[in-house]
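For reference, the structure is listed below as structure tokens.
The values are calculated or read from the model by the stated rules, or taken from the named source; none is laboratory data. It should be emphasised that the depicted structure is a prediction, and the values quoted were computed from it without experimental measurement. Cβ atoms come from the backbone with ideal geometry, glycine included; neighbour counts cover every protein chain shown.
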Amino acid sequence: MLDTTVLDELRSSDFARLDAGGHVYLDYTGAGLYADSQLREHLELLRQNVFGNPHSLNPTSAAMTELVERSRAAVLDFFRASPDEYVAIFTSNATGALRLVGEAYPFRPGDRFLLTFDNHNSVNGIREFARARGAETTYVPSEPRDLCVDEKLLPRYLTEVGGEHHNLFAYPAQSNFSGVQHPLTWIDQAHAHGWDVLLDAAAYVPSNRLDLSRWHPDFVALSFYKMFGWPTGVGCLIARRVALAKLERPWFSGGTIVAAFVQREWYQSAPGAAQFEDGTVNFLDLPAVEIGLRLLDRIGIETIHERVELLTSRLLEALGALRHAGGAPAATIYGPRESTKRGATVAFNFLHPDGRVVDERYVDRVARRHNISLRTGCFCNPGAGEVAFTISRETLVGGEFGDGTTLDDYIRAIGLPSGGAVRASLGLASNLADISHFAAFSREFVDLATVPDDLPPRVGC
Ligand SMILES: Cc1ncc(COP(=O)(O)O)c(C=O)c1O
């Protein structure tokens with residue numbers, strides 16, 4: 001077992017603001033938290049230097065270019081990606097990385113876009129690019145019991161390809177809804193059938209090792225603020241060079257070309273990452289990526305993994321043990337009940353003694369009282385929600401949004417028990433005290449027969 005005391009030391013030094021403010025932060029899948037030292041190091045760097053727009057020859061530009069390229073190399077190094085095989089492209093977030101792939105993937109009629117039900121909307125949205133280019137989109141369902149994909153089912157989808165087509169398979173290494181970790185072995189399986197693989201690693205990499213010398217997805221999307229809190233506004237597409245060469249950018253812009261003419265409609269794309277980095281990169285923030293990665297390396301991602309795995313088991317135990325006086329369960333968990341096949345994100349609902357779901361808006365209200373930051377809703381992952389709440393395709397058709405329909409009207413129309421689930425997620429600064437506070441908060445729902453009728457209207461899922 002790894003020694004995780006370094007994380008307790010960090011909690012009382014670099015994350016002291018959590019306890020000083022009485023915060024119980026349980027939304028690491030929403031955003032990671034930064035350590036004080038990251039800010040100090042970054043600001044010190046900015047204070048002591050003069051940095052210009054990178055990629056020119058003047059001294060301030062050259063200094064900046066060097067740091068941008070150092071951060072790029074640090075990303076590849078952190079993920080053990082060989083620079084001969086992979087390129088790191090800076091984007092504004094994971095969504096930006098996913099869009100780069102979606103808009104440039106050479107979908108043609110007869111091609112396939114295959115993806116799991118369990119996906120963030122930023123992956124679901126790629127189906128619009130596929131549709132516009134005549135490719136067919138197919139979803140692989142999850143099992144209602146634990147929101148995993150039936151291992152026997154996937155090969156059936158993967159074999160449904162033929163000939164010389166371009167086919168893209170997209171899935172999350174970890175679900176941002178349920179915390180389910182979908183197997184990385186799918187990457188090789190998909191490759192064996194000729195698929196390109198897009199791995200959404202945004203929710204996985206903050207507390208799991210993604211080793212790109214062991215696994216070779218074609219495209220990996222992530223956001224750095226989810227890994228170490230600071231900076232926001234910077235994500236990355238880590239792409240295999242061979243896969244990148246297949247992409248067809250729909251346009252060119254400043255920064256992405258070597259040269260372009262006006263009197264002749266000609267341009268020459270820049271090589272490597274530059275072709276995909278539109279305009280000026282977020283250069284002053286990029287050195288903070290190297291600083292954040294160094295912090296994770298100092299702690300050890302395996303140490304973080306061990307800590308959150310243990311805490312996740314405790315959180316699951318607390319929810320599993322929650323009973324009303326009559327013995328009925330006071331919570332239901334969506335996803336694996338044990339700490340295997342899952343990460344540190346737990347989706348659940350509290351239940352009334354008669355089995356009805358406790359309105360998630362009331363859960364939000366009670367959480368606020370406890371100064372607990374957690375999430376409620378569908379977390380931009382409608383597919384996982386549809387399986388968790390056993391909503392069928394037919395039900396959804398019956399409840400189409402119309403003019404003037406509010407989200408509350410829609411939820412009533414399709415007969416949903418609530419506006420979504422509750423999500424608690426853990427990260428590098430989480431500790432046992434957070435779990436104890438969470439358990440105390442959970443007990444407020446024991447024997448709760450009704451909720452107040454002054455809950456605010458829902459504005460989004
Ligand atoms: C699995 C997953 N994919 C993609 C995203 C989108 O990330 P961003 O909003 O940083 O682009 C998120 C954000 O929560 C996520 O959890």
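Of note:
- Among the residues of the range 320-346, those identified as under 21 Å from HIS305 (Cα atoms) and charged (D, E, K, R) are ARG337, GLU338, LYS341, ARG342.
- Within the range 70-128, the set of residues being of a type in the set (Ser, Thr, Tyr) and either within 10 Å of the ligand (Cβ to nearest atom) or not in a strand (DSSP E or B) (or both) comprises SER71, SER82, THR91, SER92, THR95, TYR105, SER122.
- Residues being crowded, with 23+ Cβ neighbours inside 10 Å, under 19 Å from the mean Cα position of the chain (by Cα) and not aliphatic (A, V, I, L, M) - total across the range 339-374: 4
- Once the range 48-69 is narrowed to residues that are assigned to a loop (DSSP other than H, G, I, E, B) and either in contact (Cβ under 8 Å) with a residue 24 or more places away in the chain or within 16 Å of the ligand (Cβ to nearest atom) (or both), the residue that is surrounded by the most Cβ atoms within 10 Å (Cβ to Cβ) is PRO54.
- Output for the range 177-215, where each listed residue is within 25 Å of ARG298 (Cβ to Cβ), small (Gly, Ala, Ser) and away from the ligand (no atom under 15 Å from the Cβ): SER213
- When restricted to residues that are within 16 Å of the ligand (Cβ to nearest atom) and small (Gly, Ala, Ser), the range 14-30 contains 1.
- Residue match in the range 371-379 (condition: more than 16 Å from the ligand (Cβ to nearest atom), without any contact (Cβ under 8 Å) to a residue 40 or more places away in the chain and not in a helix (DSSP H, G or I)): no
- When the range 189-216 is limited to residues that are within 15 Å of ARG156 (Cα to Cα) and free of Cβ contacts under 8 Å to residues at least 40 places away in the same chain, the one that is surrounded by the most Cβ atoms within 10 Å (Cβ to Cβ) turns out to be ALA190.
- Annotation: GLY194 fulfils all but one of (1) more than 16 Å from the chain's Cα centre (by Cα); (2) closer than 21 Å to SER142 by Cβ; the unmet one is (2).
- For the range 23-67, taking the residues that are aliphatic (A, V, I, L, M) and under 24 Å from the mean Cα position of the chain (by Cα), the one that is nearest to ASP8 (Cα to Cα) is identified as ALA35.
- Of all residues in the range 153-176, at least one satisfies being of a type in the set (S, T, N, Q), closer than 18 Å to HIS216 by Cα, within 13 Å of the ligand (Cβ to nearest atom) and crowded, with 21+ Cβ neighbours inside 10 Å.
- Here SER142, SER223 are screened, and the one residue that is within 16 Å of the ligand (Cβ to nearest atom), under 23 Å from ARG294 (Cβ atoms), touching a Cys at 6+ places or on another chain (Cβ under 9 Å) and of a type in the set (Ser, Thr, Tyr) is SER223.
- Condition check for SER142: crowded, with 16+ Cβ neighbours inside 10 Å, under 21 Å from LEU244 (Cα atoms) and of a type in the set (Ser, Thr, Tyr): no
- If you go through the range 409-461 and keep only what is among the acidic types (Asp, Glu) and either in a loop (DSSP other than H, G, I, E, B) or modelled with pLDDT under 95 (or both), you end up with ASP409, ASP447, ASP453, ASP454.
- Test for GLU386: is it in contact with a Phe, Trp or Tyr (Cβ under 9 Å, 6 or more places away or on another chain), among the acidic types (Asp, Glu) and either touching a residue at least 40 places away in the same chain (Cβ under 8 Å) or farther than 30 Å from ASP36 by Cβ (or both): yes
- Pick from the range 385-408, criterion farther than 21 Å from PRO456 by Cα and among the hydroxyl-bearing types (Ser, Thr, Tyr), ranking: modelled with the lowest pLDDT: THR395
- Qualifying residue in the range 389-408 (condition: outside any loop (DSSP other than H, G, I, E, B) and buried (at least 18 other Cβ atoms within 10 Å of the Cβ)): no
- Just one of the numbered conditions (1) closer than 30 Å to SER425 by Cα; (2) buried (at least 18 other Cβ atoms within 10 Å of the Cβ) is not true of ASP36: (2).
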